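Q: Okay, here's the structure, questions in a sec.
The values are calculated or read from the model by the stated rules, or taken from the named source; none is laboratory data. Bear in mind that the values here come from a model prediction, so they are computed numbers and not experimental data. As a convention, Cβ positions derive from the backbone with ideal geometry for all residues, glycine included, and neighbour counts pool all protein chains shown. Heads up: the accessible areas ignore ligands, DNA and RNA and are worked out on the full protein's heavy atoms, side chains in. Shrake-Rupley method; radii C 1.70, N 1.55, O 1.52, S 1.80 Å.
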Amino acid sequence: SDSPATEQTSQISIKMVDAPGDFEHVYVDVQDVMVKVNGDINSDAGWVSLGAENTGVVDLLELTGGVSLELADNYEVPSGTLNQIRLILGENNTVVMDGTTYDLNTPSAQQSGLKINVNTTLEPNYNYTFVLDFDANQSIVFAPDVSNINLTPVINASIEAETGVISGLVTDFETLGSQVMIEATNGVDTFTTYANETGNFVLAALPEGNYTVTLS
């Protein structure tokens, strides 16, 4: 039988940050990060582990002021719809207040991971970065006081499309004629555009890499 057509893919990176909180430290036990692409959000099937980097206990309050925790770096997934991201936490979660460390109870419902709805289209050959903003202040619930503190993660997801741009000006534009095509290739993919009436051109949404540019 004929070989199936090459599947179009996108790349995703995931990092975690935190807004400043009112605690001295908030330690959470990060075990894994998973995604569901082109799946059924009502089904528990279709999850793929990204083999999270930098796992283990991390202090959320250190992830402020532009500091982030890289959980996945340019992981290749099928293009289409990224339905959900799932953050898997372990049980070694604590909070430090006034120099005292308190255990954070993790409800059993979270042991399978916190699901974050994203529903974002992944275009082929794009690199996307998803930022998980773990809100420590809203995630720590006193029930009713320090004798029982629950970790109920509140996480907001945002997206950044990391795209490269090649732009320039065709200086001998009139000599080449009115239709100057610009072609850029990285050896795998080829992108084309035309210069405008002043000779300017822009190729946007390019995956990271080295390109050979030709004009015709």
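Q: Could you list, in sequence order, all residues of the stretch 37-67 that are of a type in the set (Ser, Thr, Tyr) and either touching a Ser or Thr at 6+ places or on another chain (Cβ under 7 Å) or at pLDDT 90 or above (or both)?
A: Within the stretch 37-67, SER49, THR55 meet the criteria.
Q: In this structure, is ILE159 open to solvent by 60 Å² or more (accessible area, probe 1.4 Å) and modelled with pLDDT under 90?
A: The answer is yes for ILE159.
Q: Pull out all pairs, ordered by first then second residue, where Cβ-Cβ is under 6 Å, the residues are six or more apart or on different chains, the first lies in the stretch 84-108 and is acidic (Asp, Glu), and the second is surrounded by 13 or more Cβ atoms within 10 Å (Cβ to Cβ) and assigned to a strand (DSSP E or B).
A: Going by the 6 Å Cβ cut-off, the qualifying pairs are ASP103/THR94.
Q: Restricting attention to the stretch 1-13, report how many residues are among the aliphatic types (A, V, I, L, M) and either modelled with pLDDT of 95 or more or open to solvent by 90 Å² or more (accessible area, probe 1.4 Å) (or both).
A: Result for the stretch 1-13: 1.
Q: While we're looking at this one, here's another question. Being in a loop (DSSP other than H, G, I, E, B), touching a residue at least 60 places away in the same chain (Cβ under 8 Å) and either more than 23 Å from ILE12 (Cβ to Cβ) or under 14 Å from the mean Cα position of the chain (by Cα) (or both) is the filter here; which residues of the stretch 124-166 pass it?
A: Listed by number, the list holds a single entry, TYR126.
Q: Of everything in the stretch 45-61, what is of a type in the set (A, V, I, L, M, F, W, C) and not in a loop (DSSP other than H, G, I, E, B)? Give them in sequence order.
A: TRP47, VAL48, VAL57, VAL58, LEU60, LEU61
Q: Give the residues of the stretch 30-70 that are aliphatic (A, V, I, L, M) and farther than 23 Å from VAL96 by Cβ, sorted by residue number.
A: Selection gives VAL33, MET34, VAL35, VAL37, ILE41, ALA45, VAL48, LEU50, ALA52.
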